[in-house]
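Engineer: Mind having a look at this structure? Questions to follow.
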């Protein structure tokens with residue numbers, strides 16, 4: 001057991017301590033945005049399953065690659081919280097509660113929302129590029145994918161998991177998330193899988209920019225002003 005505990009502590013120790021301390025000190029108050037997102041997702045699921053509400057939810061939060069770009073961009077923020085019709089809603093709710101909750105504690109609520117939006121937007125925009133490239137291109141998609149309704153938190157969840165893993169030194173976990181998405185595309189080459197890879201690519205760019213800014217910041221600090229950081233070597237992020 002000790003042999004397993006040591007690598008587990010190295011991988012998740014900083015993340016565990018941060019999340020545990022926040023929940024112990026504030027309980028549910030540590031994740032207000034996450035709880036709001038869970039409630040919003042549950043509400044949208046209820047409404048879109050009513051005969052009177054389906055069209056309304058589609059009009060405010062349904063994104064397709066065939067839609068005008070301005071309309072897709074307008075709907076993209078809310079599309080993140082509209083559960084996919086072909087997947088069980090409990091999966092979306094669990095993803096938001098766990099991954100958004102951890103990210104909100106570790107990064108703050110507004111950084112979590114920004115990263116979630118960046119990841120979702122990357123997937124939404126990739127769909128248009130992929131369809132333009134065509135099915136014979138390695139990164140392309142068939143024209144029929146332009147009609148697929150593209151909603152749900154999965155791209156945001158994948159992106160947040162990779163960023164938080166990188167930010168807190170859980171590199172193996174972040175790597176496993178990326179590897180699982182690559183396997184998904186290899187065995188099931190569909191729109192959702194490639195959008196997840198686009199989301200990861202966008203978040204990796206954010207990681208690179210964040211690391212570069214931190215390196216420059218450290219270079220210009222006076223000697224002796226270094227603070228202890230997380231497992232990734234970066235200073236902690238506060239809400």
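Engineer: For 26, 167, which order do you get if you count the other beta carbons within 10 Å of each Cβ and list the fewest first? All intermediate terms of the calculation are to be shown ahead of the outcome.
Structural biologist: On the way: 26 12, 167 25.
By the 10 Å Cβ count, ascending: 26, 167.
Engineer: Would you look at the GNM of the chain, springs on alpha carbons closer than 10 Å, and say which of 193, 134, 152 moves the most?
Structural biologist: In this elastic network of the chain, the residue with the biggest mean-square fluctuation among 193, 134, 152 is 134.
Engineer: Still on this structure, please answer the following. Report, largest value first, the span of the C-alpha coordinates of segment 32-153 along each principal axis, in whole Å.
Structural biologist: 43, 37, 25
Engineer: Next question, about the same structure. Using Cβ counts within 10 Å as a stand-in for footprinting exposure, how do 75, 128, 219 rank, fewest first? Please list the in-between numbers first.
Structural biologist: Values: 75 22, 128 16, 219 7.
Placing the least packed residue first, the sequence is 219, 128, 75.
Engineer: In degrees from 0 to 90, rounded to the nearest 10, what is the angle of the helix 69-79 Cα long axis to the longest principal axis of the chain?
Structural biologist: 60 degrees
Engineer: Continuing with this model, one more query. How large is log10 of I(q)/I(0) for segment 2-217 at q = 0.08, 0.10, 0.11, 0.17 Å⁻¹ when the intensity is taken from the Debye formula with one equal scatterer per alpha-carbon?
Structural biologist: -0.30, -0.47, -0.56, -1.24
Engineer: Please give the contour-minus-distance gain from residue 86 to residue 186: 0.36 nm per residue of separation, less the Cα-Cα distance, rounded to one decimal in nm.
Structural biologist: Computed gain between residue 86 and residue 186 is 33.9 nm.
Engineer: What are the extents of the Cα atoms of segment 93-204 along their three principal axes, in Å, largest first?
Structural biologist: Result, largest extent first: 41, 25, 22 Å.
Engineer: Could I ask something else about it? For n ≥ 4 DSSP H runs only, could you compute -39500 (n - 2.57) per run for the chain, divide by its residues and tell me the 222 nm figure to the nearest 500?
Structural biologist: Numbers: 10 runs with 160 residues, N = 239.
So the calculated ellipticity at 222 nm is -22000 deg cm²/dmol.
Engineer: Could you list 102, 131 in order of exposure, starting from the residue whose Cβ has the fewest other Cβ atoms within 10 Å?
Structural biologist: Ordered by Cβ neighbours within 10 Å, fewest first: 131, 102.
Engineer: Let me ask another. Could you sort 50-63, 107-120 so that the peptide with the highest average Cβ count within 10 Å comes first and the rest follow in order?
Structural biologist: Answer by packing, highest mean first, reads 107-120, 50-63.
Engineer: How many nm is it between the label spots at residue 4 and residue 132, if each spot is 7 Å from the Cα in line with the beta carbon?
Structural biologist: It works out to 4.9 nm between the two label points.
Engineer: Could you state the orientation-averaged shadow area of the convex hull built on the Cα atoms of segment 1-89, in nm² to one decimal?
Structural biologist: Here the figure is 9.4 nm², rounded to one decimal.
Engineer: For the pair residue 16/residue 171, report the inter-label distance in nm, with labels modelled 7 Å from Cα in the Cβ direction.
Structural biologist: Those two pseudo-labels are separated by 2.0 nm.
Engineer: In degrees between 0 and 90, to the nearest 10, how far off the longest principal axis of the chain does helix 154-167 point, with axes built from Cα atoms?
Structural biologist: 10 degrees
Engineer: Now for a different question. Estimate the FRET efficiency between residue 69 and residue 49 by the formula 1/(1 + (r/R0)^6), using the beta-carbon distance for r and 41 Å for R0, to the nearest 0.05.
Structural biologist: 0.90
Read-outs: derived from the displayed coordinates by stated rules, not from any lab. Not measured: the values here are computed from a predicted model. Here the Cβ is made from the backbone with ideal geometry for all residues, glycine too, and neighbour counts use every protein chain on show.
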